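Worksheet: the structure to be examined is printed underneath.
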Amino acid sequence: MNLILLGPPGAGKGTQAKRLESRYGLVQLSTGDMLRALVTKGDTLSQEAKSIMDSGKLMPDALMVRMISDRIDEPDCAGGFILDGFPRTVPQAQALDDMLDLKKLKLHAVIEMKVEDDALVERIVGRFTCAKCGEGYHDRFKRTAVDGVCDVCGHTEFKRRADDTETTVRTRLENYHKQTAPILPYYEQHGTLRQVNGMAAIEEVTQQIEAILHPA
(Lines give C-alpha, C1' and ligand atoms only; values in the text may rest on other atoms or scores of the structure.)
Protein backbone atom coordinates (compact mmCIF):
# COMPACT_ATOMS: atom_id res chain seq x y z
CA MET A 1 0.00 0.00 0.00
CA ASN A 2 1.49 3.33 -1.09
CA LEU A 3 0.11 6.58 0.30
CA ILE A 4 0.69 10.33 0.33
CA LEU A 5 -0.29 12.36 3.40
CA LEU A 6 -0.94 16.04 2.80
CA GLY A 7 -1.39 18.63 5.51
CA PRO A 8 0.38 21.62 7.05
CA PRO A 9 2.78 21.37 9.99
CA GLY A 10 0.80 20.55 13.11
CA ALA A 11 -2.03 18.80 11.28
CA GLY A 12 -1.05 15.45 12.78
CA LYS A 13 0.54 13.74 9.78
CA GLY A 14 3.37 12.32 11.87
CA THR A 15 1.01 10.81 14.42
CA GLN A 16 -1.17 9.18 11.78
CA ALA A 17 1.85 8.00 9.78
CA LYS A 18 3.21 6.18 12.84
CA ARG A 19 -0.13 4.44 13.30
CA LEU A 20 -0.21 3.41 9.65
CA GLU A 21 3.38 2.18 9.84
CA SER A 22 2.54 -0.02 12.80
CA ARG A 23 -0.73 -1.38 11.44
CA TYR A 24 0.26 -2.03 7.83
CA GLY A 25 4.04 -2.41 7.91
CA LEU A 26 4.56 0.74 5.88
CA VAL A 27 7.55 3.10 5.97
CA GLN A 28 7.14 6.86 6.34
CA LEU A 29 9.36 8.65 3.84
CA SER A 30 10.05 12.25 4.80
CA THR A 31 11.95 13.96 2.00
CA GLY A 32 13.68 16.20 4.54
CA ASP A 33 14.98 13.20 6.46
CA MET A 34 15.96 11.44 3.23
CA LEU A 35 17.97 14.43 2.01
CA ARG A 36 19.84 14.68 5.30
CA ALA A 37 20.65 10.96 5.13
CA LEU A 38 21.57 11.12 1.46
CA VAL A 39 24.35 13.67 1.79
CA THR A 40 26.22 11.38 4.20
CA LYS A 41 26.40 8.40 1.82
CA GLY A 42 29.28 9.54 -0.39
CA ASP A 43 27.99 8.09 -3.67
CA THR A 44 27.43 10.03 -6.91
CA LEU A 45 23.85 11.02 -6.05
CA SER A 46 24.97 12.10 -2.58
CA GLN A 47 27.74 14.30 -3.96
CA GLU A 48 25.36 15.91 -6.44
CA ALA A 49 22.78 16.61 -3.73
CA LYS A 50 25.39 18.02 -1.32
CA SER A 51 26.74 20.36 -4.00
CA ILE A 52 23.26 21.72 -4.68
CA MET A 53 22.40 22.11 -0.99
CA ASP A 54 25.72 23.84 -0.25
CA SER A 55 25.02 26.35 -3.02
CA GLY A 56 21.64 27.18 -1.48
CA LYS A 57 19.70 26.16 -4.57
CA LEU A 58 16.46 24.18 -4.62
CA MET A 59 16.80 20.47 -5.24
CA PRO A 60 15.80 19.60 -8.85
CA ASP A 61 12.67 17.48 -9.21
CA ALA A 62 14.60 14.81 -11.12
CA LEU A 63 17.07 14.35 -8.28
CA MET A 64 14.26 14.20 -5.69
CA VAL A 65 12.51 11.49 -7.68
CA ARG A 66 15.78 9.53 -8.07
CA MET A 67 16.27 9.73 -4.32
CA ILE A 68 12.74 8.46 -3.64
CA SER A 69 13.13 5.77 -6.29
CA ASP A 70 16.31 4.47 -4.65
CA ARG A 71 14.70 4.57 -1.20
CA ILE A 72 11.59 2.58 -2.11
CA ASP A 73 13.81 -0.08 -3.68
CA GLU A 74 15.17 -0.87 -0.21
CA PRO A 75 13.79 -4.02 1.48
CA ASP A 76 11.94 -2.24 4.29
CA CYS A 77 9.67 -0.55 1.73
CA ALA A 78 8.49 -3.86 0.27
CA GLY A 79 5.19 -3.55 2.14
CA GLY A 80 4.58 0.01 0.97
CA PHE A 81 5.36 3.59 1.92
CA ILE A 82 3.87 6.87 3.13
CA LEU A 83 5.25 9.98 1.42
CA ASP A 84 5.42 13.15 3.51
CA GLY A 85 6.69 16.42 2.00
CA PHE A 86 6.60 15.35 -1.64
CA PRO A 87 5.18 16.10 -4.15
CA ARG A 88 4.43 19.81 -3.80
CA THR A 89 3.91 20.75 -7.45
CA VAL A 90 2.12 19.23 -10.42
CA PRO A 91 5.41 18.48 -12.29
CA GLN A 92 6.65 16.66 -9.19
CA ALA A 93 3.41 14.67 -8.99
CA GLN A 94 3.71 13.75 -12.66
CA ALA A 95 7.37 12.73 -12.26
CA LEU A 96 6.47 10.62 -9.24
CA ASP A 97 3.70 8.87 -11.19
CA ASP A 98 6.06 8.19 -14.10
CA MET A 99 8.65 6.67 -11.76
CA LEU A 100 6.07 4.47 -10.03
CA ASP A 101 4.73 3.34 -13.42
CA LEU A 102 8.21 2.14 -14.40
CA LYS A 103 8.31 0.09 -11.21
CA LYS A 104 4.76 -1.17 -11.83
CA LEU A 105 3.66 0.48 -8.58
CA LYS A 106 0.79 2.86 -7.90
CA LEU A 107 -0.50 5.28 -5.30
CA HIS A 108 -3.47 3.80 -3.48
CA ALA A 109 -4.59 7.08 -1.91
CA VAL A 110 -3.59 10.71 -1.46
CA ILE A 111 -5.05 11.75 1.89
CA GLU A 112 -5.44 15.43 2.68
CA MET A 113 -5.77 16.23 6.37
CA LYS A 114 -7.97 19.30 6.20
CA VAL A 115 -7.60 21.82 8.98
CA GLU A 116 -9.04 25.19 9.94
CA ASP A 117 -6.23 27.72 10.02
CA ASP A 118 -7.38 29.59 13.15
CA ALA A 119 -7.96 26.38 15.09
CA LEU A 120 -4.59 24.98 14.03
CA VAL A 121 -2.82 28.18 15.09
CA GLU A 122 -4.42 27.86 18.52
CA ARG A 123 -3.42 24.18 18.70
CA ILE A 124 0.23 24.87 17.88
CA VAL A 125 0.83 28.17 19.68
CA GLY A 126 -0.55 26.77 22.94
CA ARG A 127 1.82 23.78 23.06
CA PHE A 128 4.49 23.39 25.75
CA THR A 129 6.45 20.49 27.22
CA CYS A 130 8.08 19.52 30.48
CA ALA A 131 11.76 20.50 30.28
CA LYS A 132 12.75 17.31 32.12
CA CYS A 133 10.61 14.39 30.85
CA GLY A 134 9.17 15.89 27.66
CA GLU A 135 5.50 15.35 28.57
CA GLY A 136 3.33 17.51 26.32
CA TYR A 137 0.76 20.03 27.48
CA HIS A 138 -1.43 22.81 26.09
CA ASP A 139 -2.55 26.16 27.48
CA ARG A 140 -6.20 25.31 26.80
CA PHE A 141 -6.63 21.64 25.90
CA LYS A 142 -4.24 19.88 28.32
CA ARG A 143 -3.20 21.91 31.32
CA THR A 144 -1.20 20.50 34.20
CA ALA A 145 -3.29 19.23 37.13
CA VAL A 146 -1.35 21.53 39.45
CA ASP A 147 -0.40 24.83 37.86
CA GLY A 148 3.30 24.90 37.02
CA VAL A 149 3.99 21.28 38.00
CA CYS A 150 4.45 18.41 35.53
CA ASP A 151 1.86 15.66 36.08
CA VAL A 152 4.39 12.94 35.21
CA CYS A 153 7.65 13.83 36.95
CA GLY A 154 6.82 16.82 39.18
CA HIS A 155 9.30 19.10 37.43
CA THR A 156 8.47 22.82 37.49
CA GLU A 157 10.21 24.04 34.35
CA PHE A 158 8.62 23.95 30.91
CA LYS A 159 9.64 24.93 27.40
CA ARG A 160 8.05 26.00 24.14
CA ARG A 161 9.39 25.70 20.61
CA ALA A 162 10.84 29.02 19.45
CA ASP A 163 8.98 28.79 16.13
CA ASP A 164 5.58 28.07 17.70
CA THR A 165 4.50 31.71 17.39
CA GLU A 166 1.35 32.89 15.66
CA THR A 167 3.29 34.81 13.00
CA THR A 168 5.52 31.84 12.16
CA VAL A 169 2.64 29.35 12.13
CA ARG A 170 0.51 31.54 9.86
CA THR A 171 3.45 31.96 7.48
CA ARG A 172 3.90 28.18 7.33
CA LEU A 173 0.17 27.74 6.68
CA GLU A 174 0.21 30.33 3.90
CA ASN A 175 3.19 28.63 2.24
CA TYR A 176 1.54 25.22 2.55
CA HIS A 177 -1.68 26.40 0.93
CA LYS A 178 0.21 28.05 -1.93
CA GLN A 179 2.32 24.96 -2.57
CA THR A 180 -0.38 22.35 -2.18
CA ALA A 181 -3.40 23.95 -3.85
CA PRO A 182 -2.27 23.14 -7.42
CA ILE A 183 -1.75 19.41 -6.84
CA LEU A 184 -5.18 18.76 -5.28
CA PRO A 185 -7.03 18.97 -8.64
CA TYR A 186 -4.34 16.74 -10.20
CA TYR A 187 -4.96 13.91 -7.77
CA GLU A 188 -8.70 14.55 -7.80
CA GLN A 189 -8.70 14.01 -11.57
CA HIS A 190 -6.78 10.76 -11.05
CA GLY A 191 -9.37 9.59 -8.54
CA THR A 192 -6.90 9.15 -5.68
CA LEU A 193 -7.59 12.26 -3.56
CA ARG A 194 -9.39 11.70 -0.27
CA GLN A 195 -9.98 14.10 2.62
CA VAL A 196 -10.27 13.68 6.37
CA ASN A 197 -11.04 16.15 9.14
CA GLY A 198 -7.61 16.82 10.57
CA MET A 199 -9.09 18.81 13.46
CA ALA A 200 -10.89 15.78 14.89
CA ALA A 201 -9.53 13.73 17.79
CA ILE A 202 -6.54 11.51 16.94
CA GLU A 203 -8.52 8.28 17.14
CA GLU A 204 -11.32 9.71 15.01
CA VAL A 205 -8.85 10.79 12.31
CA THR A 206 -7.41 7.28 12.34
CA GLN A 207 -10.90 5.84 11.86
CA GLN A 208 -11.52 8.18 8.92
CA ILE A 209 -8.29 7.04 7.26
CA GLU A 210 -9.17 3.40 7.92
CA ALA A 211 -12.53 3.94 6.22
CA ILE A 212 -10.69 5.29 3.14
CA LEU A 213 -8.28 2.39 3.00
CA HIS A 214 -10.95 -0.22 3.67
CA PRO A 215 -14.31 1.12 2.43
CA ALA A 216 -17.37 -0.82 3.52
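Key figures
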read-out: First in the range 84-102 and surrounded by fewer than 19 Cβ atoms within 10 Å (Cβ to Cβ), second anywhere and of a type in the set (Ser, Thr, Tyr) and at pLDDT 85 or above, Cβ under 6 Å, 6 or more apart; value: VAL90/TYR186; MET99/SER69
read-out: Test: residue in the range 204-215 that is more than 27 Å from PRO87 (Cβ to Cβ), among the acidic types (Asp, Glu), modelled with pLDDT of 90 or more and surrounded by 15 or more Cβ atoms within 10 Å (Cβ to Cβ); value: no
read-out: Boolean, LEU193 is closer than 30 Å to VAL90 by Cβ, modelled with pLDDT of 95 or more and surrounded by 11 or more Cβ atoms within 10 Å (Cβ to Cβ); value: yes
read-out: Residues satisfying the stated conditions in the range 131-188, i.e. loosely packed, with under 13 Cβ neighbours inside 10 Å, within 17 Å of VAL115 (Cα to Cα) and aliphatic (A, V, I, L, M); value: ALA181
read-out: Check on ALA162, within 25 Å of ALA211 (Cα to Cα) and at pLDDT below 95; value: no
read-out: Wholly within the range 103-216, helices (runs of 4 or more DSSP H) carrying at least 3 residues that are farther than 30 Å from TYR24 by Cα and of a type in the set (D, E, K, R); value: 117-125, 166-180
read-out: Scan of the range 151-203 for residues that are hydroxyl-bearing (Ser, Thr, Tyr) and touching a residue at least 40 places away in the same chain (Cβ under 8 Å), ordered by number; value: THR165, TYR176, THR180, TYR186, TYR187, THR192
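The values are calculated or read from the model by the stated rules, or taken from the named source; none is laboratory data. Values in this document were obtained by computation on a predicted structure and should not be read as measured data. Cβ sites come from the backbone with ideal geometry, for glycine too, and all protein chains shown count toward neighbours.
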